[in-house]
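The structure under discussion appears below in the form of structure tokens.
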Amino acid sequence: YGKQKTAESMGELAIEAARVTKSKKLENPIFVAPENLWGDLYGAHPQDLKNIVTDARSKMVDFMTKDEVEINGEMRKNPYLKDAQKTFGKNISDSRAKKIAEDHVKATFDIAHANIWRKYFKGSDKQFKEWMGSEVDKLTKDGIIGHVHVSDNFGYNDEHLPPGYGNAPIKEFLTHMKKSGFKKEFIVEPAHHDIESLQYGFRHLETPVYRIANQT
């Protein structure tokens, strides 16, 4: 039931994101981006995250193309079809609807959250990094990741350490994302919000530190 409601809610919100994107003539599409969690919660495993996104995309396609859709476990008249037609016109093809859904439903991938799978992983650190690399590779090839969070931990809790303080495979992750063609921003989330945490994080990422407006 939770998975079904998640897909329905995200599909509905993604239609609104598409409408706003088109009405405001935005160059970069607004997209809905659920974040991978951690531990034994659904959505923590990379495959769970992919399923959440693909289910929501499928539901959005239904909302854009079908006269009747399943909502709350019942087939009913599609309440979102008129809004979708106002935005994209009538008789939207399945192929076009799928492309629209891919633009407006993606995922936020937090490498530190993913690193917490270490405590469940039966293997060496090298094997864990290889496994994580293969999972991220699947997500990027399927166009799932649209937003990235970067922080660090030791694989047991979400401490939000500055990058480089823990053992999350951050460099490997960022190298892969760069090679994959990902060109959006990387959001760094250190826990202790002081200048040293930023300096250590940027030093680890080999990135210069810039002044932003008048904020220190």
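The values are calculated or read from the model by the stated rules, or taken from the named source; none is laboratory data. Here the structure is a predicted model, which is why all the values come from computation and not from measurement. Cβ placement follows ideal geometry from the backbone for every residue including glycine, while neighbour counts extend to all protein chains displayed. These area figures cover heavy atoms from the full protein model, side chains too; ligands, DNA and RNA do not enter into them. Shrake-Rupley method; radii C 1.70, N 1.55, O 1.52, S 1.80 Å.
Taken one residue at a time, the phi angles of the stretch 84-96 give Karplus couplings (6.51, -1.76, 1.60, θ = phi - 60°) of 5, 5, 5, 7, 10, x, 7, 6, 5, 6, 4, 5, 5 Hz. Gly and Pro are set to x. In the chain, helical runs assigned H by DSSP with n ≥ 4 each contribute -39500 (n - 2.57); averaged across all residues and rounded to the nearest 500, the mean residue ellipticity at 222 nm is -15500 deg cm²/dmol.
Taking all protein chains together, TYR156, TYR42 sort by accessible area into TYR156, TYR42, largest first [probe 1.4 Å]. Would you compute the Debye intensity of the chain from its alpha-carbon atoms alone, equal scatterers and no solvent, and pass along log10 I(q)/I(0) at q = 0.10, 0.16 Å⁻¹ to two decimals? Each listed q maps to, in turn, -0.52, -1.06.
One chain, two ends: GLU27 and ASN167. Fully extended at 0.36 nm per residue, the span grows by 46.7 nm beyond their Cα-Cα distance.
Given Cα pairs under 8 Å that are at least 6 residues apart, what percent is the relative contact order of the chain? That works out to 18 percent.
Annotation: extensible slack from LYS3 through LYS122 equals 40.0 nm (criterion: 0.36 nm per residue apart, minus Cα-Cα distance).
One Cα centroid belongs to the stretch 134-197, the other to the stretch 54-93; the line between them spans 34 Å.
Axis of helix 195-204 versus longest Cα principal axis of the chain: the two differ by about 90°, to the nearest ten degrees. Each Lys or Arg adds one and each Asp or Glu subtracts one; over the other residues with Cβ under 15 Å from the Cβ of ASP137, this totals +2. Taking label positions 7 Å along the Cα-Cβ direction at both LYS98 and ASP137, the computed distance is 2.4 nm, reported to one decimal.
Computed from the C-beta positions of LYS179 and MET75 and an R0 of 30 Å, the FRET efficiency is 0.10 to the nearest 0.05.
Give me the angle, in degrees from 0 to 90, between the Cα long axis of helix 46-65 and the longest principal axis of the Cα atoms of the chain, rounded to the nearest 10. Compared with the principal axis, the helix lies near 20 degrees. When you restrict to C-alpha pairs under 8 Å that are six or more residues apart and normalise by the size of the stretch 1-118, the relative contact order lands at 37 percent. With all protein chains kept in place, the per residue accessible area of the stretch 1-107 amounts to 57 square angstrom at a probe of 1.4 angstrom. Quick note on the stretch 23-139: its Rg to Rh ratio, both from C-alpha atoms and Rh being the Kirkwood radius, is 1.09.
Within the same chain, aspartates and glutamates fewer than 8 places from LYS126 are excluded, and of the rest, those with a Cα less than 13 Å from its Cα are GLU172.
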